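The values are calculated or read from the model by the stated rules, or taken from the named source; none is laboratory data. Here the structure is a predicted model, which is why all the values come from computation and not from measurement. The accessibility values were calculated without ligands, DNA or RNA, using every heavy atom of the protein model including side chains. Shrake-Rupley method; radii C 1.70, N 1.55, O 1.52, S 1.80 Å.
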Amino acid sequence: MFYEEKDAGGYVALVPEGKFNLVSAPPLKARIDDLVREGKARIVVDLSAVDFIDSSGLGALIGGLKAARQQGGDLRIAAAGDQVKAVLKLTNLDRILSPYATVEEARHGW
Amino acid sequence: MPLEPSSGRLEAEALAKAPAERYDRVVRLAQAIFGAPIAALNLVGTESQYTVASVGYPTGSIPVEESVCRVTVGQDEILEVRDLREDPRFASIPAVAGPPRVRFYAGVPVHGQSGQAIGTLCIFDLVPRELGRTQREMLGDLGAVLERELAVQEEMALAGQVQRLMLPSEPPDLPGIEVAGRVQPAREAGGDFYDWLVIDDRYGDRQLQVVLGDVMGKGLPASLIASEVRAVLRGHSRYYDIGGAVRSTSQTTRHDLEANGRFSTLWAGRVDPASGRLSYVDAGHGLAIIAGPRGPRRLIQEYLPLGTFIEDTWMQASDTLAEDELLVIVSDGVFDVLGDDYDVALTKLPAILDPGLSCAEIVDIVVDYAVSHDATDDVTAVVARRTGEDRS
């Protein structure tokens, strides 16, 4: 899986594609950790191109959220598809990782 | 004549059943390096030889009497035969006397964890030939590479066995309730687990505790964490109600889960066989239901899984399991094949609601369905029902 990265100044958008799982989640999580270390702790993960997420993908998002919050930032997710929303809801993780409809909405206030 | 059973033969038999993709690369390399039409990893069991990875020859098994590699394994050093027709041990075996009419053979024994030779990396040619000294050394080197792959595979298989042996193996010593569970890991080991145990509470009541957990990720790393969550929950369960046990488990495992960046969903409940009283906690698992003739109801709560950086309250909820109802808990490996859709899952319920089915049969129906629909994740199901035998 590839992901695009867009530094919009006030926040960084990461755009993973395809399956967000055991194979593809670790590189994205590593990138989030690097961004947070560089002081870019406001991150939007744009999930519009992700068609499947598994528990490892969720773990990367939760881990990224924790890292960002510890540095006074946040990680928000945008444009999640049905499967992603279903899994977030099933695990109740939508309570701490609430999906925004668009990147524009997610970045609100940044 | 079958070979003497020994630890080497038994290891070969066990490995012959394990996934073999990890050997393909080395076998292909051997075929290319020696320019031979056939290269294979053959495991030599007591009665059969198993070709588990090969180029130019089908995988499968032949009777051990028809094998060349049994001799290589027996002498435990490289065997090279310029022309198999000229060797009375091999001249009449089917692959020499008939198609593919192999002539040349070279094989290096590969060893298992017992230290005994369990099979060979071998090459065959259709014309007589000889290996040079460097080529023999190279065959030895490739055999050593393959041995390491076999060791990894065996280690994984043993870890999986350890995990399986930690599952409950006996029905609970508690009249009035029937329970069954099964886990089918996507790899040798995995992050799914189930458990049950009998809890004697302070009032002298006996309840069955049933647990299904799913640690994120797959394979050995997830299984290590799963073992911890299982053991810690067991430990705390003796002293707390189910809510307290889950909260204590979260506190105890928090460091290890967070340090590894992993979370675990958990559904844990306790059923009183006499009254059907059920108390439970759903820590982000979301996949437990009571199913019966009056329709299904989900046993879900709003709580987070264990191991996120937020400590939740995990207060227990209650319900009642009637005698004509089933308690069914599955892992998301089952849910995935149903398109992660609860409504689709409900359409599958009638198939398991036949009162004539035992809990073990129902578990098999659920797990086999998921596995046959190409589940990519670990697949687990636990089913319990009251049997009405406990009227004391």
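Of all DSSP beta bridges confined to segment B:248-355, the antiparallel ones make up roughly 95%.
What a 1.4 Å probe finds exposed on segment B:101-143 is 49% carbon and sulfur by accessible area, rounded to a whole percent.
Database remark: amide H of B:S48 closer than 5 angstrom to the amide H of B:V64 (H placed geometrically; neighbours at sequence offset of 5 or more, or on other chains; Pro and chain starts carry no H). Ordered from largest to smallest accessible area (heavy atoms of protein chains, 1.4 Å probe), the residues B:E66, B:E302 come out as B:E302, B:E66. Using a cut-off of 17 Å between alpha-carbon atoms, which aspartates and glutamates can reach A:K29, once sequence neighbours fewer than 8 places away in the same chain are excluded? Hits, sequence-local ones excluded: A:E4, A:E5, A:D7, A:E17, A:E38, A:D46, A:D54, A:D74, B:E258.
Can you sort B:Y303, B:Y105, B:Y369, B:Y239 by solvent-accessible area, 1.4 Å probe, largest first?
B:Y239, B:Y369, B:Y303, B:Y105
Amide H to amide H, with H built 1.01 Å from N, A:I77 comes under 5 Å of A:V45, A:Y100, counting only residues 5 or more places away or on other chains. Each DSSP beta bridge with both residues in chain A is either parallel or antiparallel, and the antiparallel ones are about 25%.
The accessible area of B:T308, taken with all protein chains in place and a 1.4 Å probe, comes to roughly 0 Å². Taking θ as phi - 60° and the Karplus parameters 6.51, -1.76 and 1.60, the scalar couplings of segment A:66-80 work out to 4, 4, 5, 5, 4, 9, x, x, 7, 10, 10, 10, 9, 6, 5 Hz in sequence order, x denoting glycine and proline.
Accessible area ranking (1.4 Å probe, heavy atoms, ligands and nucleic acids excluded), largest first, for A:S98, A:S24: A:S98, A:S24.
Of the whole protein surface, B:M166 contributes about 60 Å² of accessible area at a 1.4 Å probe radius. Solvent-accessible area per residue in chain A equals 45 Å², computed with a 1.4 angstrom probe and all protein chains kept. For the residue pairs A:K85/B:K218; A:K6/A:K40; A:K40/A:K66; A:K6/A:K89, alpha carbon separations beyond 20 Å are given by A:K85/B:K218; A:K6/A:K89.
Once the Cα atoms are used to define both axes, helix B:219-237 deviates from the longest principal axis of chain B by about 30 degrees. In the complete set of protein chains, residue-level accessible area for B:T313 is approximately 70 Å², probe 1.4 angstrom. Just for the protein assembly as shown, what percent of DSSP beta bridges are antiparallel, to the closest 5? About 85 percent, rounded to the nearest 5. As a fraction of the 1.4 Å probe accessible area of chain A, surface on carbon and sulfur atoms comes out at 49 percent. Chains B and A: how much accessible area gets covered up at their contact, both sides added, probe 1.4 Å, in Å² to the nearest hundred? Approximately 1800 Å² gets buried when B meets A.
Quick check: from the Cα gyration tensor, does chain B come out rounded (a/c under 1.5), prolate or oblate? Walk me through the intermediate numbers first.
Values: a/c = 2.94, a/b = 2.49, b/c = 1.18.
Prolate shape, in that a/c is at least 1.5 and a/b is the bigger ratio.
Relative contact order of segment B:116-243, taken over Cα pairs closer than 8 Å and 6 or more residues apart, is 19 percent.
Legend: residues in segment B:198-227 shielded by at least 10 square angstrom of accessible surface upon adding the remaining protein chains to the isolated chain (1.4 Å probe, heavy atoms) are B:M216, B:G217, B:K218. Once C-alpha pairs closer than 8 Å and six or more residues apart are averaged by separation and normalised to the residue number of chain B, the relative contact order reads 13 percent. To put it simply, the accessible area of segment B:234-370 at a 1.4 Å probe is 53 percent carbon and sulfur. What the pair-distance distribution of segment B:233-386 shows, using all Cα-Cα distances binned every 10 Å from zero, is 11, 37, 35, 16, 1 percent.
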